[in-house]
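Heads up: the structure comes next, in structure tokens.
The values are calculated or read from the model by the stated rules, or taken from the named source; none is laboratory data. These numbers come from a predicted model, not from an experiment. Because the Cβ atoms are built from the backbone with ideal geometry, glycine has one as well, and the counts that use them run over all protein chains shown.
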Amino acid sequence: MDRNLYSRLQTRIILLTLFVSFTPLLLLGVILYRQFAAMYTEKIREQIHFRAESRADAVDLFLSERTAILGTIADTHGFAEMAREETLAQSFAIINARAGAFVDLGVIDQNGNQIAYVGPYDLKGKNYFEQPWFGQVMSRGVHISDVYLGFRRLPHFIIAVRRQEKQRNWVLRATIDPEIFNRIVQVGQVGKTGDAFLVNREGILQTQPRLSGNILEPAPVKPAYFGKQTMTVDGTLLGRPGVLFAGTWLKSTDWLLVVSGDVEEDMAQLFAARTIQTAIIVSGMLAIVLTTVLTTRTLVRQMIQAETRLREMDAQLIQADKLAALGKMAAGVAHEINNPLAVILQKTGWMRDLLAEEDLRRSPNFSEFRDAVLKIEEHVERARKVVHDMLGYARRMEPRTEAIDVNRIIHQTVDILENYARNNNIDIQTDLEPELPPTTGDGAQLQQVILNLVNNAIDAIGQNGEITIRSERADSEIRITVADNGPGIPEHMQRKVFDPFFTTKSAGKGTGLGLWISYNIIEKMGGKMTLQSKAGAGATFTIVLPVIPPGSP
């Protein structure tokens, strides 16, 4: 048997099965994950896009409301009236009560001089003519400045409106509270790493970002990447891989509101689902591997066992052919032996007649002559009986149904094996119940069973032992026991002794078929065979056969 062939076959079956099983499973897992990842990514982009737009609208609304409030005050009050600090202070209190977020309020004439001021800083009399925002408001009428330091040397921005009164222009200017304004912008910061900030056209931060940079420093994004409409940009282009940036330009001023989000943080649920999916796939793959290996090994093992049984059956057939040939040869040998035995018996009869003559009776060796003749006749008769039994055993190859005298079969078997047992100093004892009723079956096959049991007992004992064969009737059954005082059969082997091809003999000394054939013969005769044994205490085989009911044919 080429076990390497079976090993290669097993490996190929396992690899092919795993390939066919894993390929669609892995493809399905990858495709599902990619689809869900694409859906999540798109969802995140939409969320950041929406957050940027909603925050931009909120900031625009905030600035528009404050601009409208300042415009209303400038339109309803004249320069002379607003130049009085009492009126200015009253107006400042009203707008903070109604809208809030104003730090100070000032009236500036067309030359840039601050005529009146209400607020925490000493800015009255300051001239803003050189400030960039002053020229913008004078030309445009309304202006929201970029963040700058100014006279107070702190980052801030102002909202200014111009009013023309006859030939005079004057400006109402208010500073917006940066803390309140920053909080409005920072509402767009979502999660642990989300950020939201404002950037002017030059890329300078107008509000404090969450993660890096400060006000009036270069922003981490370039405004040129964003168009007029709200756009979402991959952070890889900005040196921030794994981050998405959404930007939208404010309507009320030239500021870009930027909202960012970490894709990995936002995709935490997807990653958790991926972990579960991976665990399920790995568990499924391990189950497939385990099942495939076990199933394939079982299949290959069964194939090996089938081939082994086939080879053993071939050997059994060859052995059966040998036995058939041996049976025919034994029949011929028995015939050839019977002729000399008949001649010997004839001569011993003639010698007995001679011993009856008077002359020989007077011989001093008469008794020795007579004993020798009787001994010759006894052994010739014994030889004839052994040959007769052997011939009958060899000729009966096909099973027959007949009444069987169990005790006679036992005696015949003992006669066949007695010399073989004696040569090994093994004593065969019989304890047979007299008047034992007959059973039915094939006598030759029953003799084969007993012969096999006794022969096995002799082989098990080896040298110097005893075998006891008993027969008895128990109700409607006949019991035959063959017991020996050999080494016995270990308990873990006892349940296998009647299996085909199982043997306790050394290699080359047994086929493992004797007890299996014997067991089947007894079953076909309507009986059963059992074993009782203990290691080191011998073995006892018991045959139970049915009694032929009286009057049966």
Given (1) among the small types (Gly, Ala, Ser); (2) surrounded by fewer than 20 Cβ atoms within 10 Å (Cβ to Cβ); (3) closer than 27 Å to ILE548 by Cα, number of the condition GLY462 does not satisfy: (3)
Taking the residues in segment 190-210 that are within 50 Å of the chain's Cα centre (by Cα) and touching a residue at least 40 places away in the same chain (Cβ under 8 Å) as candidates, determine which candidate is surrounded by the fewest Cβ atoms within 10 Å (Cβ to Cβ). LYS192
Among the strands (runs of 3 or more DSSP E) confined wholly to segment 79-153, which include 2 or more residues that are more than 60 Å from the chain's Cα centre (by Cα), assigned by TED's automatic domain parsing to the domain that holds SER252 and under 27 Å from TRP255 (Cα atoms)? 102-109, 142-144
Would a scan of segment 174-197 turn up a residue that is of a type in the set (A, V, I, L, M) and within 21 Å of GLU81 (Cα to Cα)? yes
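Counting only residues that are of a type in the set (Phe, Trp, Tyr) and at pLDDT 70 or above, which one in segment 244-275 is nearest to HIS143 (Cα to Cα)?
Within segment 244-275, the first condition is being of a type in the set (Phe, Trp, Tyr), and the residues that meet it are 245, 249, 255, 271.
Applying the additional criterion that residues be at pLDDT 70 or above yields 245, 249, 255.
Values: PHE245: 28, TRP249: 16, TRP255: 13 Å.
By that ranking, first place goes to TRP255.
Would you confirm, using the coordinates I've provided, whether VAL190 is in a loop (DSSP other than H, G, I, E, B), closer than 28 Å to VAL263 by Cβ and among the aliphatic types (A, V, I, L, M)?
Numbers: in a loop (DSSP other than H, G, I, E, B): yes; closer than 28 Å to VAL263 by Cβ: yes; among the aliphatic types (A, V, I, L, M): yes.
When the stated conditions are applied, VAL190 passes them.
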Among (1) closer than 30 Å to TYR117 by Cβ; (2) surrounded by fewer than 14 Cβ atoms within 10 Å (Cβ to Cβ); (3) among the hydroxyl-bearing types (Ser, Thr, Tyr), where does THR11 come up short? (1)
Across segment 150-185, what is the number of residues that are in contact with a strand residue (DSSP E or B) (Cβ under 8 Å, 6 or more places away or on another chain) and of a type in the set (A, V, I, L, M, F, W, C)? 11
Residues satisfying the stated conditions in segment 383-409, i.e. within 24 Å of GLY465 (Cα to Cα) and either touching a helix residue (DSSP H, G or I) at 6+ places or on another chain (Cβ under 6 Å) or at pLDDT below 90 (or both): VAL386, ILE409
Consider ALA89 carefully, then state whether it is more than 20 Å from GLU165 (Cβ to Cβ), touching an Asp or Glu at 6+ places or on another chain (Cβ under 7 Å) and surrounded by fewer than 19 Cβ atoms within 10 Å (Cβ to Cβ). no
Quick one: ALA174 ticks every box in (1) part of a loop (DSSP other than H, G, I, E, B); (2) crowded, with 19+ Cβ neighbours inside 10 Å bar one, so which box is it? (1)
Taking the residues in segment 135-164 that are among the charged types (D, E, K, R) and either modelled with pLDDT of 95 or more or surrounded by 13 or more Cβ atoms within 10 Å (Cβ to Cβ) (or both) as candidates, determine which candidate is nearest to LEU205 (Cα to Cα). ASP146
